[in-house]
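The values are calculated or read from the model by the stated rules, or taken from the named source; none is laboratory data. From a predicted model like this one, the values you see are computed outputs, not experimental measurements. All Cβ positions, even for glycine, are placed from backbone atoms using ideal geometry, and neighbour counts span all protein chains on display.
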Amino acid sequence: MATVRGRVAVVVSRYNEVVTARLLEGARRCLKDKGVPEARVDVIWVPGAFELPVAAEAAAATGRYAAIVALGCVIRGETPHFEYVASEAASGLQLAALETGVPVAFGLLTVDNAEQAEARVGKGAEAVRTALEMADAFAQLRATAVQAAR
């Protein structure tokens, strides 16, 4: 995988920040390890997981980013709220990628309890790897299309 050219946006939910801050920490470390300078990474905080898709789409629509990484954590409670938030966030993040043509990596934990969230904080780095791989694939597709048009 080549190093991604351009900027990367990391959209992070403040809700369950004890977990999301650790997801972000892993994401930053992975970006650095993959050769993406901190100066090309923008972190965008949003109130909760439900807001991740609209922020991801708004960031992608600027044309500034080669990839978007969405990080959040939804922990099941006693009401159906979990299902609505998790489902809409997942659908919205996919839609943001489809509508903008910018890869949006899914780093949203959907867990039953805090222990499960703790066990999955490595998903921040995993989402970065996915975003960078997809950005590279998109760049290759564009380059191939340009060559074919000649």
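Table: residues versus (1) touching a Gly at 6+ places or on another chain (Cβ under 7 Å); (2) modelled with pLDDT of 95 or more; (3) within 25 Å of Val36 (Cα to Cα); (4) part of a strand (DSSP E or B).
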{"site": "Cys73", "(1), (2), (3), (4)": "no, yes, yes, yes"}
{"site": "Gly77", "(1), (2), (3), (4)": "no, no, no, no"}
{"site": "Glu83", "(1), (2), (3), (4)": "no, no, no, no"}
{"site": "Ala97", "(1), (2), (3), (4)": "no, yes, yes, no"}
{"site": "Thr110", "(1), (2), (3), (4)": "no, yes, no, yes"}
{"site": "Val128", "(1), (2), (3), (4)": "no, yes, yes, no"}
{"site": "Asp136", "(1), (2), (3), (4)": "no, no, yes, no"}
{"site": "Ala148", "(1), (2), (3), (4)": "no, no, no, no"}
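The conditions of being assigned to a helix (DSSP H, G or I) and closer than 18 Å to Leu109 by Cβ are met by Gly92. Looking across segment 49-78, the residues that are crowded, with 24+ Cβ neighbours inside 10 Å, closer than 15 Å to Arg14 by Cβ and of a type outside the set (A, V, I, L, M) come down to Gly72, Cys73.
Just for segment 122-147: of the residues that are more than 30 Å from Val18 (Cβ to Cβ) and among the β-branched types (Val, Ile, Thr), which one is farthest from the chain's Cα centre (by Cα)?
So in segment 122-147, the residues more than 30 Å from Val18 (Cβ to Cβ) come out as 136-147.
This time we only want the ones that are among the β-branched types (Val, Ile, Thr), so: 144, 146.
On the way: Thr144: 26, Val146: 28 Å.
My answer is Val146.
Could you please find all residues in segment 56-74 being out of contact with any Leu (no Cβ under 8 Å at 6 or more places or on another chain) and hydrophobic (A, V, I, L, M, F, W, C)? Hits for segment 56-74 are Ala58, Ala59, Ala60, Ala61, Ala66, Ile68, Val69. For segment 79-124, the set of residues classified as touching a residue at least 24 places away in the same chain (Cβ under 8 Å), buried (at least 17 other Cβ atoms within 10 Å of the Cβ), of a type in the set (A, V, I, L, M, F, W, C) and under 26 Å from Ala61 (Cβ atoms) consists of Val85, Ala86, Ala89, Leu93, Ala96, Ala97, Val102, Val104, Ala105, Phe106, Leu108, Leu109, listed by residue number.
Kindly check whether there is at least one residue in segment 138-146 that is surrounded by 13 or more Cβ atoms within 10 Å (Cβ to Cβ), under 19 Å from Gly6 (Cβ atoms), free of Cβ contacts under 8 Å to residues at least 12 places away in the same chain and out of contact with any helix residue (DSSP H, G or I) (no Cβ under 6 Å at 6 or more places or on another chain).
Step one: list which residues in segment 138-146 are surrounded by 13 or more Cβ atoms within 10 Å (Cβ to Cβ), which gives 138-139.
Then keep just the ones that are under 19 Å from Gly6 (Cβ atoms); that gives 138-139.
Still in the list and also free of Cβ contacts under 8 Å to residues at least 12 places away in the same chain: none.
Within segment 138-146, not a single residue is surrounded by 13 or more Cβ atoms within 10 Å (Cβ to Cβ), under 19 Å from Gly6 (Cβ atoms), free of Cβ contacts under 8 Å to residues at least 12 places away in the same chain and out of contact with any helix residue (DSSP H, G or I) (no Cβ under 6 Å at 6 or more places or on another chain).
Residues in segment 22-71 that are over 24 Å from Phe138 (Cα atoms) and in a strand (DSSP E or B): Trp45, Val46.
For segment 12-45, give me each residue that is more than 10 Å from Leu71 (Cβ to Cβ), crowded, with 21+ Cβ neighbours inside 10 Å and touching a helix residue (DSSP H, G or I) at 6+ places or on another chain (Cβ under 6 Å). Once the filter is applied, which keeps residues that are more than 10 Å from Leu71 (Cβ to Cβ), crowded, with 21+ Cβ neighbours inside 10 Å and touching a helix residue (DSSP H, G or I) at 6+ places or on another chain (Cβ under 6 Å), segment 12-45 yields only Leu31. Given (1) modelled with pLDDT of 95 or more; (2) in contact with a strand residue (DSSP E or B) (Cβ under 7 Å, 6 or more places away or on another chain); (3) surrounded by fewer than 19 Cβ atoms within 10 Å (Cβ to Cβ); (4) not aromatic (Phe, Trp, Tyr), identify the lone condition not met by Arg5. Evaluating Arg5 over (1) modelled with pLDDT of 95 or more; (2) in contact with a strand residue (DSSP E or B) (Cβ under 7 Å, 6 or more places away or on another chain); (3) surrounded by fewer than 19 Cβ atoms within 10 Å (Cβ to Cβ); (4) not aromatic (Phe, Trp, Tyr) leaves (1) as the failure.
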